[in-house]
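Single-structure report; data block below.
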Amino acid sequence: MEPLPLSGVRVADFTWVGAGSYTTKMLADHGADVIKIESRAKVDGIRLSAPFKDGIKGVNRSGYFADRNTSKRSITINMKTAEGQALARRIVAASDVVANNFTPGTMAGFGLSYEQVREINSTAVYLAMSMSGDSGPERDFLGYGLTIGALVGIHHLSGLPGQEPAGTGTNYPDHIPNPCHAAFAVLAALRHARRTGRGQYLDVAQTEPTIAVLGAAFLDATVNGRDPQPLGNQHLRHAPHGVYPCAGDDRWIAISVTDDAQWAAARQVLGIADEDCVRDWTGEAARHRDRDALDALLVAATADRIAEELFHRLQAAGVPAGVVQNAADVVSGDPHLQARGHWLRLEHPEMGETLYNAPPFVLTGTPATLTRPAPLLGQHTHEICREVLDLDDAEIARLEAEGVLT
Amino acid sequence: VTADAAEGALTGLRVLDLSGPLGNYCGKLFAELGADVVLVEPPGGSALRHEPPFVADEPGIERSLGFAYNNTSKRSLRLDLGHPEGQQVLRDLAAGAALVIETDSPGRMAARGLGHEELSRDNPGLVTTSITPFGQTGPYAQYEASDLVCLAMGGLLYLGGYADGPPVQAGQQQAYVAGNLFGAVASLLAVTAAETTGRGQHVDVSVQESVVMGLENAAQFQDLEGRIRRRTGGQQWRAGAGVYPCTDGYVYMLAGGIGGNRFWPNLVAWLAEEGVDRVDELRGEEWGERDFVEAEETKAMFAEIFLPFVRSRTKVGLYRDAQKWRVPLCPVNSPTDILGSAQLRHRNYFVQVPGLGPEAIMPGAPYVLSETPWSLKSRAPHLGEHTEEVLAEVGYTADRVARLREAGVV
């Protein structure tokens, strides 16, 4: 069997909460040995975040934590002790990547600033993911999840024009822009390290990647001199384009018509008669001009239809359409995601068999399997002490007795 | 720019970007860390060239701002892949490439003799990344989709919008963003493997699944607690968490938030210092209980106490004071607010881009790499701007290029 792309790569992982943990998960799922260095005194906040198995709170019961920490190992070290810091330094010395998402200065407090790490490991790729980056007047500012989404513009740009912004309903930067940019930068820096033997320092602010995926809005602001506003469900070019009600409670269908043939097909499936088309809606410009009228026609035409049925009928006619799926639809109602094996059920020592996302892509030559569920807090402390730190059982027992290993 | 700085982390990789909205940002990420990215465009130009917004709102293949942003630092080759000779040109280019990014409907490339197997015949280390709405396999693989449809099918659309209204899309085409970003990670993982083993592969990226990765904990809520998360816009989603109006816009606060609730005492201390009425009602263990902070009465009580205070302040002032008290609160910024950020100015984040007028400013480095810095090499190319140059590099003579041009292939 082909080795996974990152087999042989070790990550000393000090990340916690959202974006950092998701970044190192991607590395772990593709073969890296990710050692999550945790504190029992100051537990990763996501371990204490809902949902919990059977609704019962516990550091090993959060589904939010579990899905973001697959394929990793966990060691619990008391980083307030000199010996604990020395153990962490030895893990760092044996690693290819050192990752954290603390506010700037925290790692230096452990004796693990980039300068200090470089002295013991000059090939290490050092990933720092603070909120605003490690320089500038806001370098010490605090933020996470949606406060960052607000700061960087995605919240403002999502919602109905003229109303309070609605955002994505999630801590969006944590899940997609930040972890993907960070993982990409780490992979690129690992390539450089393989080729030159030189490590480097990566400063990935948790603001800058999300702003980078809104690039056209900034050109629109500066070139055209306007402040971009949310569009609701409209599109700048095409209509009809929106979300339309279907039969049942909170059921909706998304439809995007992009050309004349699709419009003709959509009208046929939806039963929109010629006499309802009060103007000539040939051509995208005419449809876009009259988009509000088209939306009203579609709302009336979809309201009594079953979303799933209408979705397949529109698709069969070549019209881009999709059910606005809720989590239950996505997890258990979508035959396509099932066929692609998107959902995995892994056996976790405390949670039992629970749900995990597979990667959203298939590397056909080196297919990833999540190698293990999320670790229990400190689950691999002994194993890592023996394998990575070369400690014997007596020494491990002493360190535990003295509160260095917790 | 020193010679050293020009050496990027991805120097030496040739990337062929055949994509449009689903892959152009992926190609840009490669280009600006040092890869040589050639945008292979159909005769009418790449799909993003036709998408608004345009300079001065006038359509034109050199006027799309989305194209201009997502294709910087690339070169353009105009090539008719419907023509057998155009197909041969692409195979010749692929022989020297590390990565091909394509976003055609599944099977279309193979039908033209341009599938991964054909492209990698003389180049076993080649990675071909296909980014498509539903991926290469499965019952919906051939279904048509837009960004909105991918958001809908991936479950994120359901979570956006207002509690009492229809789902509302995330702004600026975030389904396509997700496909581009996971596509970039997947591509570089595969390139990593190819450089280690000499064996390339076909990478199958699903935009729908990329969106699913952004559902936060909604899938696990369904699995573990049997609860379907719904949209919450327009109201606090917990007491102390949500959008709050101020004098000049809105702020977002996450004090009654996730985790060990460690910011709540900071918020209470701040409000007490400000002399906010009834602040004592915010003290007590119950403010750390999920059922309590999610209850409608609690949210209403918090709003009564907090709104008079927050409504009397500006978003900049609230941001500054909240940070002093270590409360996670940020302004809800528009692009214009962000362009004025002192923090981003200090970090030289925004860059000027030539060719779009003197005012054109866009986001620059999404990350700072100390040894191999991100680098903007050039503005987005004009259609076919580098056709001759690129073909000469793979050994095509001027005569041969002229013949291809006459035949309408390039």
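Let me confirm something: among A:TYR144, A:TYR114, which residue is under 19 Å from the mean Cα position of the chain (by Cα) and touching a residue at least 40 places away in the same chain (Cβ under 8 Å)?
None of the other options fit; the residue is A:TYR144.
I need the full set of residues from the stretch A:191-221 which are of a type outside the set (Ser, Thr, Tyr), more than 7 Å from every other protein chain (Cβ to nearest Cβ) and buried (at least 24 other Cβ atoms within 10 Å of the Cβ), in order please.
A:GLY199, A:ALA205, A:GLN206, listed by residue number.
Of all residues in the stretch A:32-45, how many are surrounded by fewer than 22 Cβ atoms within 10 Å (Cβ to Cβ) and facing chain B (nearest Cβ under 10 Å)?
Within the stretch A:32-45, residues that are surrounded by fewer than 22 Cβ atoms within 10 Å (Cβ to Cβ) and facing chain B (nearest Cβ under 10 Å) number 3.
Taking into account only those residues within the stretch B:247-266 that are more than 12 Å from chain A (Cβ to nearest Cβ) and in contact (Cβ under 8 Å) with a residue 40 or more places away in the chain, which is surrounded by the most Cβ atoms within 10 Å (Cβ to Cβ)?
B:GLY256
Restricting to the stretch A:31-47, what's the tally of residues that are charged (D, E, K, R), part of a loop (DSSP other than H, G, I, E, B) and touching a residue at least 24 places away in the same chain (Cβ under 8 Å)?
2
Mind checking which residues of the stretch A:10-30 are among the aliphatic types (A, V, I, L, M) and surrounded by fewer than 24 Cβ atoms within 10 Å (Cβ to Cβ)?
Of everything in the stretch A:10-30, just one residue is among the aliphatic types (A, V, I, L, M) and surrounded by fewer than 24 Cβ atoms within 10 Å (Cβ to Cβ), namely A:VAL17.
Filter the stretch B:327-362 down to the residues that are surrounded by fewer than 18 Cβ atoms within 10 Å (Cβ to Cβ), within 7 Å of chain A (Cβ to nearest Cβ) and modelled with pLDDT under 95, then identify the one that is farthest from A:LEU146 (Cα to Cα).
The selected residue is B:GLY357.
Kindly indicate whether any position in the stretch B:126-134 is within 7 Å of chain A (Cβ to nearest Cβ), surrounded by 17 or more Cβ atoms within 10 Å (Cβ to Cβ) and touching a residue at least 12 places away in the same chain (Cβ under 8 Å).
Yes, the stretch B:126-134 contains at least one residue that is within 7 Å of chain A (Cβ to nearest Cβ), surrounded by 17 or more Cβ atoms within 10 Å (Cβ to Cβ) and touching a residue at least 12 places away in the same chain (Cβ under 8 Å).
Quick one: in the stretch A:333-349, of everything that is part of a loop (DSSP other than H, G, I, E, B) and exposed (fewer than 15 other Cβ atoms within 10 Å of the Cβ), which residue is nearest to the other protein chains (Cβ to nearest Cβ)?
A:GLY341
Residue under question is B:ARG230, and the condition is that it be in contact with a helix residue (DSSP H, G or I) (Cβ under 6 Å, 6 or more places away or on another chain) and surrounded by fewer than 24 Cβ atoms within 10 Å (Cβ to Cβ); does it hold?
Criteria not met by B:ARG230.
Residues checked against (1) in contact with a Leu (Cβ under 8 Å, 6 or more places away or on another chain); (2) small (Gly, Ala, Ser):
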site	(1), (2)
A:VAL257	no, no
A:ASP260	no, no
A:GLY271	no, yes
A:ALA300	no, yes
A:PHE311	no, no
A:ALA321	yes, yes
A:ASP334	no, no
A:GLU350	yes, no
A:PHE361	no, no
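Looking at the stretch A:375-397, can you tell me whether even one residue there is within 14 Å of chain B (Cβ to nearest Cβ), surrounded by 21 or more Cβ atoms within 10 Å (Cβ to Cβ) and within 20 Å of the chain's Cα centre (by Cα)?
no
Only one residue in B:PHE292, B:PHE309, B:PHE302 is within 30 Å of A:LYS57 (Cβ to Cβ), of a type outside the set (Val, Ile, Thr) and touching an Asp or Glu at 6+ places or on another chain (Cβ under 7 Å), so which one is that?
B:PHE292
Take B:GLY27 and tell me if it is in contact with a strand residue (DSSP E or B) (Cβ under 9 Å, 6 or more places away or on another chain) and free of Cβ contacts under 8 Å to residues at least 12 places away in the same chain.
It is false that B:GLY27 is in contact with a strand residue (DSSP E or B) (Cβ under 9 Å, 6 or more places away or on another chain) and free of Cβ contacts under 8 Å to residues at least 12 places away in the same chain.
Can you tell which of B:PRO373, B:PRO381 is more than 14 Å from chain A (Cβ to nearest Cβ) and crowded, with 18+ Cβ neighbours inside 10 Å?
B:PRO381
Against the condition farther than 30 Å from B:GLY165 by Cβ and either part of a helix (DSSP H, G or I) or free of Cβ contacts under 8 Å to residues at least 12 places away in the same chain (or both), how does A:LEU377 come out, does it pass?
Considered against the rule, which asks whether it is farther than 30 Å from B:GLY165 by Cβ and either part of a helix (DSSP H, G or I) or free of Cβ contacts under 8 Å to residues at least 12 places away in the same chain (or both), A:LEU377 comes out as no.
Please list, ordered by first then second residue, the pairs with beta carbon atoms under 6 Å, 6 or more apart or interchain, first in the stretch B:386-406 and touching a residue at least 60 places away in the same chain (Cβ under 8 Å), second assigned to a helix (DSSP H, G or I) and among the acidic types (Asp, Glu).
B:VAL394/B:ASP92
Here is a list: B:SER206, B:SER210. Which entry is closer than 16 Å to A:THR168 by Cα, within 7 Å of chain A (Cβ to nearest Cβ), in contact with a Pro (Cβ under 8 Å, 6 or more places away or on another chain) and crowded, with 24+ Cβ neighbours inside 10 Å?
Testing whether each residue is closer than 16 Å to A:THR168 by Cα, within 7 Å of chain A (Cβ to nearest Cβ), in contact with a Pro (Cβ under 8 Å, 6 or more places away or on another chain) and crowded, with 24+ Cβ neighbours inside 10 Å leaves just B:SER210.
Go through B:SER120, B:SER64, B:SER105 for me and flag whichever is modelled with pLDDT of 95 or more, surrounded by fewer than 17 Cβ atoms within 10 Å (Cβ to Cβ) and hydroxyl-bearing (Ser, Thr, Tyr).
Result: B:SER105 is the single residue among B:SER120, B:SER64, B:SER105 that is modelled with pLDDT of 95 or more, surrounded by fewer than 17 Cβ atoms within 10 Å (Cβ to Cβ) and hydroxyl-bearing (Ser, Thr, Tyr).
Can you work out which of the residues in the stretch A:57-83 that are more than 14 Å from A:HIS348 (Cβ to Cβ) and either acidic (Asp, Glu) or assigned to a loop (DSSP other than H, G, I, E, B) (or both) is modelled with the lowest pLDDT?
A:LYS57
Which residue out of A:VAL125, A:VAL98, A:VAL92 is buried (at least 18 other Cβ atoms within 10 Å of the Cβ), over 25 Å from the mean Cα position of the chain (by Cα) and of a type outside the set (Ser, Thr, Tyr)?
A:VAL92
Report, ordered by the first and then the second residue, all pairs with beta carbons closer than 7 Å, sequence separation of six or more or different chains, a first member in the stretch A:120-141 that is on the phi > 0 side of the Ramachandran plot, and a second member that is part of a loop (DSSP other than H, G, I, E, B) and crowded, with 23+ Cβ neighbours inside 10 Å.
Close Cβ pairs satisfying both conditions: A:GLY133/A:ALA205; A:GLY133/B:ARG347; A:GLY136/B:ARG347.
Regarding B:SER64, is this residue more than 29 Å from B:ARG121 (Cβ to Cβ) and of a type in the set (Gly, Ala, Ser)?
Judged against the criteria, B:SER64 is a match.
Wholly within the stretch A:153-260, which helices (runs of 4 or more DSSP H) include no fewer than the required count, namely at least 2 residues that are without any contact (Cβ under 8 Å) to a residue 60 or more places away in the chain and farther than 30 Å from A:LEU6 by Cα?
A:215-224
Residue by residue, here is whether (1) polar (S, T, N, Q); (2) under 24 Å from the mean Cα position of the chain (by Cα) holds:
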| residue | (1), (2) |
| --- | --- |
| B:GLN169 | yes, yes |
| B:VAL177 | no, yes |
| B:MET213 | no, yes |
| B:ALA218 | no, yes |
| B:GLU225 | no, no |
| B:GLY234 | no, no |
| B:ASN261 | yes, no |
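Quick one: in the stretch B:135-176, of everything that is charged (D, E, K, R) and more than 7 Å from every other protein chain (Cβ to nearest Cβ), which residue is surrounded by the most Cβ atoms within 10 Å (Cβ to Cβ)?
Here the answer is B:ASP147.
Here are some conditions: (1) part of a helix (DSSP H, G or I); (2) modelled with pLDDT of 95 or more. B:ASP4 meets all but one. Which one does it not meet?
Of everything listed in (1) part of a helix (DSSP H, G or I); (2) modelled with pLDDT of 95 or more, B:ASP4 misses just condition (2).
The values are calculated or read from the model by the stated rules, or taken from the named source; none is laboratory data. All of these numbers come straight from a predicted model, not from anything done at the bench. Note: ideal-geometry Cβ built from the backbone for every residue, glycine included; neighbour counts use all protein chains shown.
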